[in-house]
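Worksheet: one structure, shown below.
What follows is calculated from the coordinates using simple rules that are stated; it is not laboratory data. All figures in this text were calculated on a predicted structure; none of them were measured in a lab. Using ideal geometry, Cβ is built from the backbone for each residue, glycine included, and neighbour counts are taken over all protein chains shown.
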Amino acid sequence: MKTALAICAAVSAIGAGTLSASAQLATDTAILNADSLVAISHKGYDNSTVVTQSGEDLSATIDILGSQNSAPDGSANTITQSGSDSTAEVTIVGDFNEFSISQSGANGPAQNDATIEIYGTGNRAQISQLNDLSTPYANSAYILQAGSLNSASISQTVSDPGGGAAYGTSNQASIFQNGVENFAEVTQNGTGNEVLIDQNGNNNSGAITQMGAGSSLKLTQLGDNYSYVMSQTGCLVSSCPGIEVIQGGAGTPPPVTN
């Protein structure tokens, strides 16, 4: 007989301050089906959000409307999820926002999904995903930034549960930036890596690193003064779909190493 446990938290805050939500699931092996759901809504300034979840079927949704949204020590707001089948969604409207999502797989086949959407100026977004489980498993990350002075970073790793070389089934990363002075960085380790980066504006730059077979990437940069460094290792010609680069305006074509 399977035992189910559900934890649900919904919080709404208006004004300045710090909000922390923690949903920790019991490690008792008798709990075979478990759910953890956290929903937080902020309105105001100087908002700080920290969410920690562990277990199965994890879900966190954060909505922030305001400016200077970061932790008191200047670090990013965070969602940390450890377990199987993790989903995190963050939407921020305002300026000088920072948010970080960290997901790690445990306790069986898992799918990590993370989304950050930020509208404003001076934004920083980071997603880190680690999966070391038996198949099927995958990492999917999406970042959208609309505004200026934006920075986005995605790191994805799928590794051999036995401690060997990474061989995972799927890493998918997408970054969309609209504005000036944008920076985007993606690092993937596994097989079946896919990257899509779209930057629209001036002074765009960044780096893409893919390690493993079956890697593909598409980069679109529209504007002036753009540059990119791309690297693919462990990728046989027959196993990698290839690289597609679309650039418009004045700039320097990105160097590519295989």
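Provide the gained length on full extension for the span LYS43 to ALA207, in nm with one decimal, where the gain is 0.36 nm per separating residue minus the Cα-Cα distance.
55.6 nm
Per-residue 3J(HN,Hα) values for the range 80-95, derived from phi via the Karplus relation 6.51 cos²θ - 1.76 cosθ + 1.60 with θ = phi - 60°, read 10, 10, 10, x, 10, 6, 9, 10, 9, 10, 10, 10, 10, 10, x, 10 Hz in sequence order (x marks Gly and Pro).
Sort 83-89, 225-231 by packing, meaning the average of other beta carbons within 10 Å per residue, with the highest value first. Please report the intermediate quantities before stating the final value.
Values: 83-89: 22.6, 225-231: 18.4.
Highest mean packing first, the order is 83-89, 225-231.
By the count of other C-beta atoms within 10 Å, a proxy for reagent exposure, THR233, THR220 are ordered fewest to most as THR233, THR220.
Near the amide H of ASP132, within less than 5 Å, lie the amide hydrogens of GLY105, SER159, all on another chain or at least 5 residues away, with H placed in the peptide plane. For ILE175, nonlocal amide neighbours, meaning residues 5 or more places apart or on other chains whose placed amide H falls under 5 Å from its own, are ILE143, LEU196, ILE197, ASP198.
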